[in-house]
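The values are calculated or read from the model by the stated rules, or taken from the named source; none is laboratory data. As the structure is a prediction and not an experimental result, all values here were calculated from the model. Virtual Cβ from ideal backbone geometry, glycine too; neighbours counted across all protein chains shown.
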Amino acid sequence: MPDLTTNAHRLLRLFEEMRGSRPHPAFERLNALNISFSHVRAMHMLAPDRTLAMKDLAEQLHLAPPSVTALTRRLVQTGLVCREPHPQDSRVSLLSLTEEGQHLLQDLYQEHLRRMEQLLQGLDLEEQKIFLDLLERAVGALGADEGLVSVVKQDGGRASDQ
């Protein structure tokens with residue numbers, strides 16, 4: 001019987017196989033804009049229509065404020081995030097998604113949803129339930145180890161931390 005490490009290698013290989021197909025135009029757009037996973041995480045914190053101070057975004061991302069400044073600079077340059085001064089405190093910058101940023105996140109979410117539907121099509125409804133129950137249990141164990149599990153709403157925005 002395979003051990004934990006062997007199964008972990010198998011899981012990594014399966015995840016790589018899932019990524020192996022031609023990227024959807026939304027993901028190609030991320031590449032063209034030179035937008036990384038960290039940028040997308042920041043965008044999720046602002047989704048769907050939240051406005052956050054740079055300091056608050058840094059706290060939520062568990063990054064130092066100078067790192068978030070560099071991260072958001074790229075998002076502002078590409079037109080995905082808007083940076084505006086705080087109306088009462090000119091030292092504070094407020095960040096929010098632009099309409100273009102909202103559309104991009106929605107496109108990414110829809111593509112993820114489509115791919116998950118493709119994945120589940122290989123299983124009947126009972127197998128899907130078993131698979132999802134087991135995956136939830138595994139993700140719960142991961143969250144217990146790391147102290148954080150993110151839940152993503154259907155609209156692509158960040159729902160909560162548990």
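Some observations on this one:
- Tally of residues being of a type in the set (S, T, N, Q), farther than 16 Å from residue 31 by Cα and loosely packed, with under 13 Cβ neighbours inside 10 Å across segment 70-87: 0
- Criterion: farther than 30 Å from residue 119 by Cβ and exposed (fewer than 11 other Cβ atoms within 10 Å of the Cβ) - qualifying residue of 67, 90, 96: 90
- Of the set (1) loosely packed, with under 14 Cβ neighbours inside 10 Å; (2) without any contact (Cβ under 8 Å) to a residue 24 or more places away in the chain; (3) more than 24 Å from residue 114 (Cα to Cα), all apply to residue 61 but (1).
- Residues within segment 24-75 that are over 22 Å from residue 111 (Cβ atoms) and among the polar types (S, T, N, Q), tallied: 5
- In this structure, residue 63 does not satisfy being under 18 Å from the mean Cα position of the chain (by Cα) and not in a loop (DSSP other than H, G, I, E, B).
- Pair list, Cβ < 9 Å and 6+ apart or interchain, from segment 29-43 residues that are surrounded by 15 or more Cβ atoms within 10 Å (Cβ to Cβ) and in a loop (DSSP other than H, G, I, E, B) to residues that are modelled with pLDDT of 90 or more and β-branched (Val, Ile, Thr): 33/78; 35/78
- For residue 49, the conditions (1) touching a strand residue (DSSP E or B) at 6+ places or on another chain (Cβ under 8 Å); (2) at pLDDT below 95; (3) closer than 28 Å to residue 22 by Cβ all hold with the exception of (3).
- Looking only at residues of segment 44-58 that are in a helix (DSSP H, G or I) and hydrophobic (A, V, I, L, M, F, W, C), we find that the one that is surrounded by the most Cβ atoms within 10 Å (Cβ to Cβ) is 46.
- Residues that are more than 18 Å from residue 119 (Cα to Cα) and in a helix (DSSP H, G or I), drawn from segment 1-28: 4, 5, 6, 7, 8, 9, 25, 26, 27, 28
- On the stretch given as segment 66-93, residues that are of a type in the set (A, V, I, L, M, F, W, C), at pLDDT 95 or above and not in a helix (DSSP H, G or I) total 3.
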